[in-house]
1. Determine the sum of side-chain charges near residue 170: Lys and Arg each +1, Asp and Glu each -1, restricted to other residues whose C-beta is under 12 angstrom from that of residue 170.
2. Gain in length, residue 238 to residue 131, computed as 0.36 nm per residue apart minus the alpha-carbon separation, to one decimal in nm?
3. I'd like the distance between the alpha-carbon centres of the stretch 188-256 and the stretch 132-162, rounded to an integer number of Å.
4. In the structure displayed, which of 83/168; 189/320; 173/315; 87/134; 224/320; 134/173 lie more than 27 Å apart, Cα to Cα?
5. What does the charge count near residue 216 come to, summing +1 for each Lys or Arg and -1 for each Asp or Glu among other residues with Cβ under 15 Å from its Cβ?
6. For the stretch 130-227, what relative contact order do you get, as a whole percent, if you take Cα pairs closer than 8 Å and at least 6 residues apart?
7. About the Cα centre of the stretch 112-212, what is the dipole size in debye to 20, counting +1 per Lys and Arg Cβ and -1 per Asp and Glu Cβ, all else neutral?
8. Report the local net charge at residue 150: Lys and Arg +1, Asp and Glu -1, summed over other residues whose C-beta lies under 11 Å from its C-beta.
Amino acid sequence: MTPSVSVSQTFGFPSRLAILRAAILLLALATAVAARDMSNNDVYISHDQYSELPPQNKKRTAIGCALLTLIGGAVYAGVERLKTIAKFAYNCFFKPLGLHSNQQGRLDAFYEGQADVYDATRGGLLRGRTTMLKLVAAELRSRVHRGDKPVWVDVGGGTGWNIEQMDKYFGIKHFEHVYLIDLCRPLCKVAEQRFRQRGWTNVTVLCQDAATFELPGLANDTGKIDLVTMSYSLSMIEAFYPVVDRLATLLKPGVGLMGVVDFYVSGSAAPSSQSEKAGILNYQCNWFTRVFWQHWFEFDHVHLHPCRRNYLEHKFSTHKVLNARNHFVVPYLVQMPYYVWLGDAPVPAVHMPAAASSMLRDVVGSGISNIDSITADHPARGAADAGSSSTNQA
């Protein structure tokens, strides 16, 4: 997985990984040249200066140089990986966060020390993101008219990993504009550096609340957005009802697309009509999974209660869904439920004015009266009534 943009990359210097690769390549080339020279029978220096090594020693020396190069590179890469894991573990499990008056302060304190290694440490934990991006990219191709450019809002986009990956499946240059919304300032800084390095001028990072954000360049954003995505952010939003309501109004009615990937737990009840919308396969969670993961994630202010997913499926029409398990660290023992979900924007109900509604009722009422009077005078109606009365008398 591609790591976040480092400080060295920001100022134009190569990253440590690039330096490591270059050093290994140079050492391998040097080793190959040395092995060729040592295995050559020609002597470039006179014999009276020193005695030539036997051919077997030459080969052993070349092999030893190659092995030392590989071992040194592996040790360096391993140390760097251990440093990344140690930074992640300290900031997630041991670093004191202190007291904060709002969610933004808590998020800033939590991610400030690990923003530069966020992407490098979340690959195995946040599954399904690539699947969601591929699905929404395919849907966009079928929904957007030829020549039109869609508008995309990524809510809780963090470091901008989703947007960078989306470029592989639906080029960012083909969007009219892309907005990244996130409340955490350290992660937004990483995203800004990433997009600046890619040279994308149609991507805007907004460090704002998901319920009240304002999109620059759109005076009235109601019904103007083609795509909204949420990648492991719905479970982190405390007041999620107004956020889901707001996003439902942003999408173009009937054609707008909502894409979500997140953790979840199901309710204790058996599959119902609501779970049928969510896909019955792998939807239901056992008692241990429901209780353990819901309480475990609450320590990090991540909420997996079924009400969040249920309300999402209530506001939008489910289009595609995948329920899966993340076998994190220990396969088949650790099973974190997550889902990939695509929904269609709601079609607003048509509200008729009171005067027009009253007029329609009058017209329909008079029409029914006229039909009754016409059918009452019709010969067939009279014959039918006579037959009915004779049948009743019999």
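1. Working: positive: 134, 141, 143, 149, 168, 173; negative: 139, 167, 226.
Summing Lys and Arg as +1 and Asp and Glu as -1 gives +3.
2. Contour length minus Cα-Cα distance gives 35.9 nm.
3. Going from one Cα centre to the other spans 12 Å.
4. 83/168; 189/320; 173/315; 87/134
5. Numbers: positive: 224; negative: 176, 192, 214, 221.
Within the 15 Å Cβ shell, the charges total -3.
6. Computed value for the stretch 130-227: 31 percent relative contact order.
7. 400 debye
8. Result for the local shell: +1.
Bear in mind these aren't lab numbers, they're just calculated from the coordinates by the rules spelled out. If you're wondering where the values come from, they're calculated on a predicted model, not measured in any experiment. No Cβ is skipped: glycine too gets one built from the backbone with ideal geometry, and neighbour counts run over all protein chains shown.
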